[in-house]
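A short write-up of the structure that comes next.
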């Protein structure tokens, strides 16, 4: 959340002339609701099931870049499917960087709404960091978009 996945994935897909899929955006489009509304109306488990079903679909796509939600790693089946046909890249950020990026849009993020932003992001990152590290084919410290894109592009070539 806030790591720059969507921004960077779009740019990489343009450079590679590859299809681009954003799982969160696709879920919102299909459900006709924002992620926050889905969480509020149906709960996180419902959202995670939608996410899992979508990963089954997009993980089969060839010549594509897939931007997923940060919680995708919570389901080992998602990781297996994504690794089967591609690479997983972890855009590593500090808690302070994420807080800085998310402070203006925290009301649109269901896992951080009504929480102390720094504390909640730190908690989520501690919960997921080993999953990110252990499942990534490439880890990159994400500071500047242009530098990150260049490093990823060089890695995947």
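Legend: P(r) of the chain from all alpha carbon pair distances, 5 Å bins from 0, whole percents, reading 1, 9, 18, 22, 23, 17, 8, 2, 0.
Using helices alone, I'd like the mean residue ellipticity at 222 nm for the chain: each DSSP H run of four-plus residues gives -39500 (n - 2.57), total over residue count, nearest 500. Write down the numbers at each step before the final one.
On the way: 8 runs with 92 residues, N = 157.
Value at 222 nm, helices only, nearest 500: -18000 deg cm²/dmol.
Fully extending the segment from residue 156 to residue 34 would add 40.7 nm, taking 0.36 nm per residue of separation and subtracting the current Cα-Cα distance. Cβ-to-Cβ counts within 10 Å put 131, 91 in ascending order as 131, 91, the fewest first.
Read the figures in this text as sums done on the coordinates, not as results from a lab. Quantities reported herein were computed from a predicted structural model and do not represent experimental measurements. Cβ atoms come from the backbone with ideal geometry, glycine included; neighbour counts cover every protein chain shown.
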